[in-house]
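Colleague: Pasting in a structure now, in structure tokens, and then I'll have a few things to ask.
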């Protein structure tokens, strides 16, 4: 597999190719499923990425699509194997299953929209801020090794900013998150300056909902909405709170509702320039308390 290609990208490309081959044969999902002895729902789940694809199942489909070229078969089988590689699998001992599922798709998104009411998004955190948040939320009993590995995940996720096909990213942050000095004043000042640096990237948009805006839907909890390059690939919603988490591509009603909530938050949020000036003011306030 070419270096730097996320397994989720490989899975998406394979699904797109299988749909293309089926449509070239002018076959419906039901017709293909009947020919290979599957239920229609199995093929639907394969083409939408809800289940993995074994080599034997892939070859059965390619047989129905009259794909006989050895080089093409080898390429698609390799793509399937690479797509099954779990980039985040080594961290399953410190991350919950829903978040692991989410991470499998984050790297192949075309658009990321995230709303955070209490802390800064993980993709925007410095190492010391991330450690302070994880330790603070996890409590005194959280093992140091768990903290270190969770911080490592957040840092690895940020490699997405340097990819040639990095997604368009929109972050809505409550002003209270900018003012909460996780890790102390010095650490927060470094975090705020990191935010300004990231916000200067063309594909990153950071805006704050000011405290005087009052209550708003974002206060229900953090959420992330993902869009993918393939128009046939459904959007994804990830919800997370201190008690529960949820990742779904199936609950279209919830996905639509939270997408509307994000649009509302964009309507009431300060502009990117105003948010930058707010960050500067908070930085200046912290400097008076603790000069770097």
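Nothing in this text is a laboratory measurement; each read-out follows from the coordinates by a stated rule. Just so it is clear, the structure is predicted and the values come from calculations on it, not from any experiment. FYI the Cβ positions are ideal-geometry reconstructions off the backbone, even for glycines, and counts take in every protein chain you see.
Colleague: Kindly provide the helix-only [θ] at 222 nm of the chain, computed as the sum of -39,500 (n - 2.57) over DSSP H runs of four or more divided by all residues, to the nearest 500 deg cm²/dmol?
Modeller: -16000 deg cm²/dmol
Colleague: Can you bin the range 98-200 into rounded, prolate or oblate? Criterion: square roots of the alpha carbon gyration tensor eigenvalues sorted a ≥ b ≥ c, rounded for a/c under 1.5, prolate for a/b above b/c, oblate for the rest.
Modeller: Oblate shape, in that a/c is at least 1.5 and b/c is the bigger or equal ratio.
Colleague: Using r as the Cβ-Cβ distance of residue 219 and residue 51, and R0 as 35 Å, what FRET efficiency do you calculate, to the nearest 0.05?
Modeller: 0.45
Colleague: Still on this model: Roughly what would the spin-label model give for residue 98 and residue 230, points 7 Å off Cα along C-beta, in nm?
Modeller: 2.5 nm
Colleague: Angle, helix 144-157 long axis vs. longest principal axis of the chain, Cα atoms, 0 to 90°, nearest 10?
Modeller: 70 degrees
Colleague: In addition: Between rounded, prolate and oblate, where does the chain land on the alpha carbon gyration tensor, with a ≥ b ≥ c its root eigenvalues, rounded for a/c under 1.5, else prolate if a/b exceeds b/c?
Modeller: prolate
Colleague: Still on this structure, please answer the following. In the chain, what percentage of the DSSP-assigned beta bridges are antiparallel, given to the nearest 5?
Modeller: Given both bridge residues lie in the chain, the antiparallel proportion sits at roughly 55 percent.
Colleague: Report, to the nearest 10°, how far helix 55-64 tilts away from the longest principal axis of the Cα atoms in the chain, using its own Cα long axis and a range of 0 to 90°.
Modeller: So the helix axis and the longest Cα principal axis differ by about 50 degrees.
Colleague: Something else about it: In a Gaussian network model over the chain where Cα atoms closer than 10 Å are linked, find which of 274, 34, 116 has the largest mean-square fluctuation.
Modeller: Answer for the Gaussian network model of the chain: 34.
Colleague: Using only the alpha-carbon atoms, how far is helix 252-268 inclined from the longest principal axis of the chain? Give it as 0 to 90 degrees, nearest 10.
Modeller: 30 degrees
Colleague: While we're here: What are the principal axis extents of the Cα atoms in the range 7-83, in Å, biggest first?
Modeller: Per principal axis, max minus min of the Cα coordinates gives 28, 27, 20 Å.
Colleague: While we're here: Determine the relative contact order of the range 89-289: mean sequence separation of Cα pairs under 8 Å and six or more apart, normalised by residue count, in whole percent.
Modeller: 27 percent
Colleague: What spacing in nm lies between the two simple spin-label points modelled at residue 41 and residue 84, each 7 Å away from Cα in the Cβ direction?
Modeller: Taking the two extended label points, one gets 2.3 nm.
Colleague: Same structure again: Is the range 196-243 rounded, prolate or oblate when judged by the Cα gyration tensor, a ≥ b ≥ c being the square roots of its eigenvalues, rounded requiring a/c under 1.5 and prolate requiring a/b larger than b/c?
Modeller: In terms of gyration-tensor shape, oblate.
Colleague: If I model a spin label as a point 7 Å beyond the Cα along the Cα-Cβ vector, how far apart are those points for residue 212 and residue 66 in nm?
Modeller: Using points 7 Å along Cα→Cβ, the separation is 7.0 nm.
Colleague: Extension gain residue 127-residue 280, at 0.36 nm per residue separation less the Cα-Cα distance, in nm?
Modeller: Gain in length upon complete extension: 53.0 nm.
Colleague: Another question, if that's okay. Quick check: residue separation of residue 289 and residue 27 times 0.36 nm, minus the Cα distance between them. What number comes out in nm?
Modeller: Once the chain is fully extended between residue 289 and residue 27, it gains 87.5 nm.
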